[in-house]
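Here's the structure, in structure tokens; my notes come after.
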Amino acid sequence: MNGHRVHRFVSNDFAVRIASVNATEVVARMQQLQQTRPLPTVAVGRAMVGALLMASQLKEGQEIGVLVQGEGPLSRVYAHSDFHGKVRGYVNVPQYEPPSYSSVLSLQEAIGGGMLTVVRHQPFQRQPYQGTVPLVSGEIGDDIAFYLHQSQQIRSVTSLGVFLDTYGRVEAAGGVIVEVMPGVEDNVIEKIEANQKNASREISKLIREKKSPLELVQPYMEGIAFTEIPHDYPIEYFCPCSAERVKNALSILGLEELDDMIAKQEVSHITCQMCGRPYELTLDDIQEVRNALYKRSLH
């Protein structure tokens, strides 16, 4: 879909690992498919960038899900990515507009207090690994950093950004994550934190200026030697939905609702919320789902 990929780096003493990405095309694709308004676009965009960066540090075949559950109007923001750069995102109210835009695009108010859950899926593992932490800011980047510290004892600097043009369309999106491995000397952490304060320019503005992945990372790594490591997977917006999955999802309606649809001879038109792909389920499909659900209810 595009030439962008997550770029991975490591400090020469292996104490720090870094990733950066220009995710403009995939976030713009999400906005185009879901017709998200400015604030929901920023929320899902940042979650997608965070998921891409974290997934790049996993192993072959592993996947990560990032779920923000807030008490505000944007109560559910979700993004999912895998090691190979496939990413997708979703928000429960894509058309949400705040009462005013006076506080610029602050997610804090729209998301409110709540929880961040990160789910790591590994092939051949029946139960995914799941960690949940309270939201510290609702701006998503700080929340991911808090999660990494709480659940994996990894101190990090996480900078995620989405820049919208005057029409509210995605013009730039991307981010950087700098992770300090457990047990590393405090002076390394202090150096990176000092660099972060000096790297005052917003990441999305740097991406807008077409800075390279290396140039995105450099301000955070002043005084620390580091090297790029291969990670050659172009990122793409990818949704694994299928007619079969849609049929399975239909079973949550329950027997009564399905019987009602069959009685009314309704053909069901369903659109995937993640990618906009339309599905048409025939009466036979609905009957099949209903019968399977009935059988399950007997056991």
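The values are calculated or read from the model by the stated rules, or taken from the named source; none is laboratory data. Values in this document were obtained by computation on a predicted structure and should not be read as measured data. All Cβ positions, glycine included, derive from the backbone under ideal geometry; neighbour counts span all protein chains shown.
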Under 6 Å between Cβ atoms, which residue pairs at least 6 apart in sequence (or on different chains) link something in region 144-167 that is assigned by TED's automatic domain parsing to the domain that holds Glu209 with a partner that is surrounded by fewer than 21 Cβ atoms within 10 Å (Cβ to Cβ) and part of a loop (DSSP other than H, G, I, E, B)? Phe146/Val136; Leu148/Ile154; Gln153/Pro182; Gly161/Glu202
By residue number, the members of region 3-58 that are touching an Asp or Glu at 6+ places or on another chain (Cβ under 9 Å) and among the acidic types (Asp, Glu) are Glu25
Determine if region 115-128 includes at least one residue that is touching a residue at least 12 places away in the same chain (Cβ under 8 Å), farther than 21 Å from Gln196 by Cα and of a type in the set (Lys, Arg). yes
Test set (1) within 15 Å of the chain's Cα centre (by Cα); (2) in a loop (DSSP other than H, G, I, E, B) - Ser100 fails condition number: (1)
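Taking the stated definitions as given, is Arg37 touching a residue at least 60 places away in the same chain (Cβ under 8 Å), outside the structural domain of Cys272 (by TED's automatic domain parsing) and basic (Lys, Arg)?
When the stated conditions are applied, Arg37 passes them.
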Given the structure, is Val180 at pLDDT 90 or above and either of a type in the set (Lys, Arg) or outside the structural domain of Leu283 (by TED's automatic domain parsing) (or both)? yes
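Rundown of residues vs (1) assigned by TED's automatic domain parsing to the domain that holds Val42; (2) loosely packed, with under 15 Cβ neighbours inside 10 Å; (3) more than 21 Å from the chain's Cα centre (by Cα), yes/no style:
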{"site": "Val119", "(1), (2), (3)": "yes, no, no"}
{"site": "Tyr129", "(1), (2), (3)": "yes, yes, no"}
{"site": "Glu139", "(1), (2), (3)": "yes, no, no"}
{"site": "Asn195", "(1), (2), (3)": "yes, no, yes"}
{"site": "Asn198", "(1), (2), (3)": "yes, yes, yes"}
Taking the criterion of being aromatic (Phe, Trp, Tyr) and at pLDDT below 85, would at least one residue in region 96-114 satisfy it? yes
Can you tell me which condition Leu250 does not meet? The list is (1) assigned by TED's automatic domain parsing to the domain that holds Tyr78; (2) at pLDDT below 90; (3) aliphatic (A, V, I, L, M), and all the others hold. (1)
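Have a look at Gly112, Gly61, Gly89, Gly50 and point out the one that is assigned by TED's automatic domain parsing to the domain that holds Thr158 and closer than 18 Å to Ile177 by Cα.
Matching residue, one of Gly112, Gly61, Gly89, Gly50: Gly50.
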Counting only residues that are over 17 Å from Ile207 (Cα atoms) and surrounded by fewer than 20 Cβ atoms within 10 Å (Cβ to Cβ), which one in region 1-32 is modelled with the lowest pLDDT? Met1
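Collect the residues in region 25-68 that are small (Gly, Ala, Ser), within 19 Å of Gln125 (Cβ to Cβ) and in a helix (DSSP H, G or I), keeping them in residue-number order.
Ala51, Ala55
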